[in-house]
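Everything on this sheet refers to the single structure shown next.
The values are calculated or read from the model by the stated rules, or taken from the named source; none is laboratory data. Here the structure is a predicted model, which means the values were calculated and not measured. Positions of Cβ are backbone-derived with ideal geometry, glycine not excepted, and every protein chain shown enters the neighbour counts.
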Amino acid sequence: MGGKIMNNLGSLPVVFASGKGSILTDVNGKEYVDFVSGIGVNCLGHAHPALVKAIADQAARQIHISNYYNSDRGLEYSGALLEKTGMDRVFFANSGAEANEAAIKIARKFGGEKKTIVTLLKSFHGRTVATLAATGQEKFHNPAFAPYPAGFRHIPANDYGALEGAFDGACALMLECVQGEGGVNLVDPDWAKAAAAAARKAGALVIADEVQTGIGRTGFFLASDFLGIEPDVVTLAKGIAGGVPMGACLARGAAAEVFVAGDHQSTFGGNPLACAAALAVLAEVGKGAFLAAVTEKGEYIRSKVAGWKLPGVASIRGRGLMIGLDTVKPASELQLACLERGLCVSTAGPNILRFLPPLNINTDEIDRGLDILYTVLRS
């Protein structure tokens, strides 16, 4: 069917044609429960009526105008997002890696002579050359793409001793509030506050990479609110526009005034179509008990799986609907077995299954997916 895509994706043996809510349908009409949501992107699931309407209405008005000009939708969304987050300014990009590139440039211009950015071991910050260098996992540092940019220092999370001297010559601390690609590893709030304090004492900025944790994924609109670190810079992407490519780099205080005209730009970033979709997402996530329900559904999944007491499950952890399951068998084998039975899951390491279902997934869809998971883990 169709053409050939480059070999770097390693896509699984299924071709999807449509989706509704948390259910995907392939070209043969088979249904799958979606516990991946486009790697946390489809935060409102598939074909959400408010999101579909917002995109269709905006496409009929205006899709793109370039950043030579402001759009009414872009200004509307930037105001709403800044009010929601308490930040002062925002730069719009197309992806998480691009948002992190902007954060890196802000930090280095802010730091002047200080150029080092401290990140965490087991972190992941993107696939560009600079964000790969920022990533604290050696497996992502393919020598074929070397040389990588200098100026990144990696320390272990939750290790107080590692903070000693860590910020000498540093312009920023950059951390994920929950490490996604590194294994859904939780960062201790007390340690995060200590790390942020040490960074600020050294005159460095604090950057929260919320590409995966932001927009309600953990049950908080920003996971940094849970950690209590009040970052100077926050990066967002994934679920920000419900499936339309978009990223954002937000800043407050002195960090918000670093960029001047020409310092950093993006052709497609923050175009009216993406901002219209993002406004629809913001409206849905901001409704009533939406975020509390994310927390409840995450707790439901974790408690139910833990209650199975299966020998193939070593542990389960997470925050909100960002969940990691340690498995005895290789995660890739279990991922494929789940797919064959009608459940989409992702991996976050050789023996870690990762669940990132739509934030509005309902209990019936959760149970349907967990029934498949139980069958696979038992077998």
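Some notes on this structure:
- Every residue from the range 52-80 that is surrounded by fewer than 21 Cβ atoms within 10 Å (Cβ to Cβ), in contact (Cβ under 8 Å) with a residue 40 or more places away in the chain, under 30 Å from residue 230 (Cβ atoms) and not small (Gly, Ala, Ser): 67, 76
- When residues of the range 1-18 are limited to those that are part of a loop (DSSP other than H, G, I, E, B) and closer than 18 Å to residue 369 by Cβ, the one modelled with the lowest pLDDT: 12
Residues are listed down the side, and each one gets a yes or a no for (1) of a type in the set (A, V, I, L, M); (2) touching a Ser or Thr at 6+ places or on another chain (Cβ under 7 Å):
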position	(1), (2)
193	no, no
227	yes, no
235	no, no
245	no, yes
265	no, no
279	yes, no
299	no, no
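- Any chance residue 133 is small (Gly, Ala, Ser), at pLDDT 95 or above and closer than 22 Å to residue 229 by Cα: no
- Filter result for residue 79 (under 21 Å from residue 282 (Cβ atoms), in contact with a helix residue (DSSP H, G or I) (Cβ under 9 Å, 6 or more places away or on another chain), at pLDDT 95 or above and small (Gly, Ala, Ser)): no
- Restricting attention to the range 324-346, the residues that are part of a helix (DSSP H, G or I) and of a type in the set (Asp, Glu) total 2.
- Counting residues in the range 302-323 that are part of a helix (DSSP H, G or I), within 22 Å of the chain's Cα centre (by Cα), surrounded by fewer than 21 Cβ atoms within 10 Å (Cβ to Cβ) and at negative phi gives one or more.
- Residues of the range 252-263 that are among the aliphatic types (A, V, I, L, M) and either assigned to a helix (DSSP H, G or I) or in contact with a Cys (Cβ under 9 Å, 6 or more places away or on another chain) (or both): 254, 255, 256.
- For first residues located in the range 358-379 and assigned to a loop (DSSP other than H, G, I, E, B), partners that are among the hydroxyl-bearing types (Ser, Thr, Tyr) and lie 6+ apart or on another chain with Cβ distances below 9 Å form the pairs 358/22; 358/37; 359/37; 360/22; 361/22; 361/37; 362/22.
- Scanning the range 44-96 for residues that are under 19 Å from residue 242 (Cβ atoms) and of a type in the set (Phe, Trp, Tyr) gives 77, 92.
- Filtered by the rule that a residue be assigned to a loop (DSSP other than H, G, I, E, B) and under 15 Å from residue 81 (Cα atoms), the range 229-246 gives 237, 246.
- Residue list for the range 264-285, filter: in contact with a helix residue (DSSP H, G or I) (Cβ under 7 Å, 6 or more places away or on another chain) and either in a loop (DSSP other than H, G, I, E, B) or at positive phi (or both): 264, 266, 270
- Some residue of the range 271-282 being without any contact (Cβ under 8 Å) to a residue 60 or more places away in the chain, in contact with a strand residue (DSSP E or B) (Cβ under 8 Å, 6 or more places away or on another chain), surrounded by 14 or more Cβ atoms within 10 Å (Cβ to Cβ) and not basic (Lys, Arg): no
- Residue check for residue 345: β-branched (Val, Ile, Thr), touching a residue at least 40 places away in the same chain (Cβ under 8 Å) and more than 22 Å from residue 218 (Cβ to Cβ): no
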